[in-house]
């Protein structure tokens, strides 16, 4: 696993092959700025290229997930200055939605603005009851332009417009009801739910998960006429893997498959 000197992240492997990436900007409740964005892009790329990583858990250090944007950060200064620029927040949202490793947002505290964008861009999201998630930008004369693209993929249109135009702040159960998070749990059950998700992923074929997520991301912007031929071709790619052959043989032999990731 690649080790880097991060200034705004804590990166550590945990159970089930999950790599935990914790946002770390305590004085500002883990607000995200250019330096943190750049570090996240590097961490996601490293994780994508590491076969030992089966899933990625994105969370916040301390009692916050991400309170929004921190425009005082400068990508050219601070502890992570040695990392070359890799992209901006738009690139980060693209990297999250196109990640070949399943991403789980562990929403342990407040998530506003840019933080909500991170939640929406992940494949899974679990929030602790008592936390607030929202898009308060309009109350400051701003509008959540960048995160609108990922929010529109998980939140129904009319409810999303209410969130953005009213500056709504939702509790975890409300966020789950509209699809912003997949599940709301009591705070003391947050880690158990994250472990359940990462444990499920760890039991699946790594190559099948990778090919499936890549196809899922690629077909999202295609018309039905374009998506079906593309997915037919991608199904062929899956069927050609050793793991697909092993899975089918294990089914016929009534045994647990032994994945090789090939």
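Just so you know, all these numbers are worked out from the coordinates, no wet-lab data involved. Model, not experiment: these values are computed from the prediction. Every residue, glycine as well, gets a Cβ built from its backbone with ideal geometry; the counts of neighbours run over all protein chains shown.
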Rg/Rh of the stretch 1-135 (Cα atoms, Kirkwood Rh), to two decimals, equals 0.93
How large is log10 I(q)/I(0) at q = 0.15 Å⁻¹ when the Debye formula is applied to the Cα atoms of the stretch 110-240, each weighted equally and without solvent?
-0.83
For peptides 10-18, 59-67, 35-43, sequence by mean Cβ density within 10 Å, most packed first
35-43, 59-67, 10-18
Structure-based [θ]222 nm, the chain - -39500 (n - 2.57) summed over DSSP H runs of at least 4, per residue, nearest 500:
-12500 deg cm²/dmol
Give the whole-number value, in cubic angstrom per residue, of the convex hull volume spanned by the C-alpha atoms of the stretch 125-173.
77
How high is the relative contact order of the chain, given as a whole-number percent (alpha carbon pairs under 8 Å, six or more residues apart)?
16
Please give the direction-averaged projected area of the C-alpha convex hull for the stretch 178-220, in square nanometres with one decimal.
4.1
Provide Rg and Dmax in Å for the chain, with only Cα atoms included in the calculation.
18.9, 63
Taking the chain as the reference, fit the longest principal axis to its C-alpha atoms, fit the long axis of helix 242-252 to the helix C-alpha atoms, and give the angle between the two in degrees, 0 to 90, nearest 10.
60
Could you tell me the ratio Rg/Rh of the stretch 177-262? Both radii from Cα atoms, Rh via Kirkwood.
1.08
Ranked highest first by the average count of other Cβ atoms within 10 Å around their residues, in what order do 126-137, 220-231, 192-203 fall?
126-137, 192-203, 220-231
What fraction of the DSSP beta bridges in the stretch 1-74 is antiparallel, stated in percent and rounded to the nearest 5?
40
I need two numbers for the stretch 148-225: Rg to one decimal and Dmax as a whole number, Cα atoms only, in Å.
16.1, 46
Taking every DSSP beta bridge with both residues inside the chain, roughly what % is antiparallel (nearest 5)?
30
Can you pull the percent of Cα pairs in the stretch 206-252 with separation above 14 Å?
53
Label-point separation, residue 157 to residue 140 (7 Å along Cα→Cβ), nm
2.9
Using every Cα-Cα pair within the stretch 48-200, state what percent have a distance larger than 22 Å.
41
Starting from 0.36 nm per residue, how many nanometres of slack lie between residue 52 and residue 2 once their C-alpha separation is accounted for?
16.9 nm
